[in-house]
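The structure under discussion appears below in the form of C-alpha cells.
The values are calculated or read from the model by the stated rules, or taken from the named source; none is laboratory data. Computed from a predicted structure; not experimentally measured. Here Cβ is always computed from backbone atoms with ideal geometry, including for glycine, and neighbour counts include all displayed protein chains.
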Amino acid sequence: MRGMKRGLFITFEGPEKSGKSTQAGLLSGYLKGLGFKTIFVREPGSTGIGEKIRGILLDIKHTEMSEMTEMFLYMAARAQLVSEVITPALKKGYIVLCDRFLDSTLAYQGYGCGLDKDVIIKAGRWATSGLEPDLTLLLDFWASSANLKNHKSPDRIEMRPSAFHQKVRRGYFQLAKKQPRRIKVVQVERTKEQTQAKIREIVSTCLLKISSAKTAPSRY
Ligand code: TMP
C-alpha cells in the first residue's frame, strides 16, 4: 500500500478534549495556504455509513453494547473511510489529515477495555488494507472524568470512569514509546496558537524530508 500512494497521511490522536479537531482544522488551513491539496476527515465518520456508525457507537442509550461489538464497529467505520475517501485521496496526491485512526482502537479498546491488542492490530490491518499513517501527532492533555461528564452532552465513551481514561492515556504513551519515528507527542500548550506552532514545526520537517522524493504530495 505504501508504495502505491503519492500523498501524505497524517493522523491526530489523543485523549478526550485534547483539541485534536481544532489543531487538525488549523493545520488543514495552513497547508491549503501553502498550496497543498489537503482534506480533513474524522473517525468514526466522514462517510455516510461512518457517520451512522458513529451515532450508534456514541449513543448513551446503548449501554448493552459489548466491547467486542464496539471494536468491530470502529473498524467497520474505518474500513469504509479508507476505501471511500482516504485511499482515493492519497492516490491523487492529497495530504490527508485524519482525526483518530487505528491507534485510537488500540488505546481505547485495547489498553482501555483490555481487548487483545494483537487481534486489534490484525483486524486493523485487514480493515485498512495495511494503510499506516506517515506521521501521527499525539496531543497530550488530561481532562478529568468529572470535567468530561459535566460538559453539555457527554457521549457513551466520555461517560466512562476516570480509571478508563487514565488507561487510555497510558496506552497512548506505550504506543508512542514503541513507534517513536511515527508517533510524535505534542504537549498541549496554554493557547491553541502555541500548540499549532509546535505541530507546524513537526509537519514542516516531515514535508522537507519527503520534498525531494518522487512521492511528495501534490500542490494545486
Ligand atoms: P472524537 O470525540 O474524538 O470524535 O471520538 C469519538 C469517541 O470515540 C472518542 O471518545 C474516542 C472513541 N474512539 C474509540 O473508543 N475507539 C476508536 O477506534 C475511535 C476511532 C474512537
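Listed values, structure above:
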read-out	value
Top-ranked residue of segment 61-82 - restricted to ones that are outside any loop (DSSP other than H, G, I, E, B) and free of Cβ contacts under 8 Å to residues at least 40 places away in the same chain, ranked as nearest to the ligand (Cβ to nearest atom)	Y74
Subset of segment 91-115 [over 20 Å from G25 (Cβ atoms), more than 9 Å from the ligand (Cβ to nearest atom) and either part of a loop (DSSP other than H, G, I, E, B) or hydrophobic (A, V, I, L, M, F, W, C) (or both)]	K92, G93, G114, L115
In segment 26-60, residue nearest to the ligand (Cβ to nearest atom) [restricted to those that are more than 20 Å from K198 (Cα to Cα) and touching a strand residue (DSSP E or B) at 6+ places or on another chain (Cβ under 6 Å)]	R42
Candidate set from segment 128-137 (those that are of a type in the set (A, V, I, L, M, F, W, C) and surrounded by fewer than 23 Cβ atoms within 10 Å (Cβ to Cβ)); member that is farthest from the ligand (Cβ to nearest atom)	L135
Among the residues listed as E43, E70, the single one being over 24 Å from E201 (Cβ atoms), over 16 Å from the mean Cα position of the chain (by Cα), crowded, with 19+ Cβ neighbours inside 10 Å and at pLDDT 95 or above	E70
Residue within segment 155-163 that is among the hydrophobic types (A, V, I, L, M, F, W, C) and in contact with a strand residue (DSSP E or B) (Cβ under 9 Å, 6 or more places away or on another chain) present	no
